[in-house]
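Read the structure below first, then the notes.
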There are 2 protein chains.
Amino acid sequence: MSRTHAHGASTLPTLSADTILDLLRGQGMRITRGRVAIISALLAAKAPLSLEEIRVAAGKRARQEPLDFATVYRVMETLEELKIVQKIHLGRARSHYELVDPHAHHDHLVCTDCGKVEMLDEPCPVEPLERKLRRHYGYAEVKHSLEFFGRCPDCQ
Amino acid sequence: MSRTHAHGASTLPTLSADTILDLLRGQGMRITRGRVAIISALLAAKAPLSLEEIRVAAGKRARQEPLDFATVYRVMETLEELKIVQKIHLGRARSHYELVDPHAHHDHLVCTDCGKVEMLDEPCPVEPLERKLRRHYGYAEVKHSLEFFGRCPDCQ
DNA sequence: AAATTCTTGCAAGTAATTTGCAAGAGCAAG
DNA sequence: CTTGCTCTTGCAAATTACTTGCAAGAATTT
Ligand SMILES: [Mn+2]
Ligand SMILES: [Mn+2]
Ligand SMILES: [Zn+2]
Ligand SMILES: [Zn+2]
């Protein structure tokens, strides 16, 4: 029951639940209801989620009691170490999480008024500078974090 | 005693202590030992400082008892509202602060190993995309936050 | 110098994690 | 299908990083 590419139309988000679960299995980790629910919630998310949002979304999707907050915290900590998810900072008190897209990352546009977060579908403009940081500054494993803030059309 | 551009050689960082203090005065605010010490510390800083770092640096520079943490917090809150300083997020637990450069902002390069922070003296590559977010996405007052992470030459 | 108003230190309060630990749940064996 | 070994989870307590209330103290004005 481990299809990797079998499904109908729609754009495929690179990572499937099975792919991720296999990754966990490969690390000797267990496939628990909580982890399955969390991964399902992340796959369905249209924007980065806070720990509390993940907790609620996972509970709904799996039609089960919401997980304990500490559990969500530790699952996300694990998924982050495995590079399956990444934590992002949107200028709020809480951190948010989203699945890593190994092929093409995206940056974010946050409305400073209503809090809406858009995932930008624009080519990332900083790759050249990133290369320069490697070549001329001598840095290794260079990554970046880029988010835009502004007032969305609805909020003006 | 309010020189705005009078001094010797060296590259001038746009904002002088007097300029800032005049700005505070203009808002009906008082020139206190603490504020003077904090501004002096910020002007001397070679990288963004955390509240605790500001507290210590300000104490040393003014050769006085370190300020209370809450005081530093409130002074920075005020300076931020006046757009004199800005808070930045370097992927750490604490926020960091630095003086705003009204002429040309800079982005940051953080070593994920030793924590060193470099202020990049490179043209910012995201202005075109920022314009597009205004024109085609309809966002107003668009700003951005961009930081790079990697392992510095010393840490490899 | 006195009055006025803004600031500060100190202590208490919050919000968001982060951790310890014993009970519970996967999963490989038998 | 039951057992045993380990990994996970829930619950409560601990931490970290702010954030706020308030009365004493300091900067300016009069
Ligand atoms: Mn990018
Ligand atoms: Mn920039
Ligand atoms: Zn909005
Ligand atoms: Zn380093």
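Before moving on, here are some points about what is shown:
- Normalised per residue, the volume of the convex hull around the Cα set of the stretch A:81-141 (Å³): 130 Å³
- Here A:E141 yields copy-to-copy label distances, from shortest upward, of 3.8 nm, the label point defined as 7 Å from Cα along Cα to C-beta.
- Net charge of neighbours whose Cβ lies under 15 Å from the Cβ of A:Q64, counting Lys and Arg as +1 and Asp and Glu as -1: +4
- Cα centroid separation, the stretch A:75-153 to the stretch A:23-61 (Å): 20 Å
- The other copies place their A:G91 label points at 2.1 nm from this one, listed shortest first, where each point is 7 Å from Cα along Cα→Cβ.
- DSSP assigns beta bridges within chain B; of those with both partners inside it, close to 70 percent run antiparallel.
- Scanning chain A for DSSP H helices at least 15 Å long along the axis (C-alpha atoms) with a Kyte-Doolittle mean no lower than 0.0 picks out A:33-44, A:69-81.
- Pairwise Cα distances in the protein assembly as shown exceed 36 Å for 30 percent of all pairs.
- With its label point defined 7 Å out from Cα along the Cα-to-Cβ axis, A:A104 lies at 3.2 nm from the matching points of the other copies, in increasing order.
- Helical content alone sets the calculated 222 nm signal of the protein assembly as shown at -11000 deg cm²/dmol, taking -39,500 (n - 2.57) per DSSP H segment of four or more residues and averaging over every residue.
- For the stretch A:20-84, taking the reciprocal of the average inverse distance between every pair of different Cα atoms yields a Kirkwood hydrodynamic radius of 11.8 Å.
- Put simply, the amide H of A:H96, placed in the peptide plane, has neighbours under 5 Å in A:I88, A:L90, leaving out anything fewer than 5 places away on its chain.
- Positive end of the dipole of chain A (Cβ unit charges, origin at the Cα centre): among A:G138, A:V75, A:V117, the Cα lying farthest that way belongs to A:V75.
- Proximal lysines to A:K83, defined as alpha-carbon separation beneath 21 angstrom and excluding residues fewer than eight positions away on the same chain: A:K46, A:K143
- Gyration tensor (alpha-carbon) shape descriptor, the stretch B:49-156, a/c threshold 1.5: oblate
- Based on C-alpha pairs under 8 angstrom that are at least 6 apart in sequence, chain A has a relative contact order of 17 percent.
- For the stretch A:67-132, trypsin sites (Lys or Arg not before Pro) meeting the loop criterion (DSSP other than H, G, I, E, B) and having at most 15 other Cβ atoms within 10 Å: A:K83, A:R92, A:R94, A:K116.
FYI, it's all coordinate maths here, none of it is from the lab. A quick note: this is a predicted structure, and the numbers were derived from the prediction, not measured. All Cβ positions, even for glycine, are placed from backbone atoms using ideal geometry, and neighbour counts span all protein chains on display.
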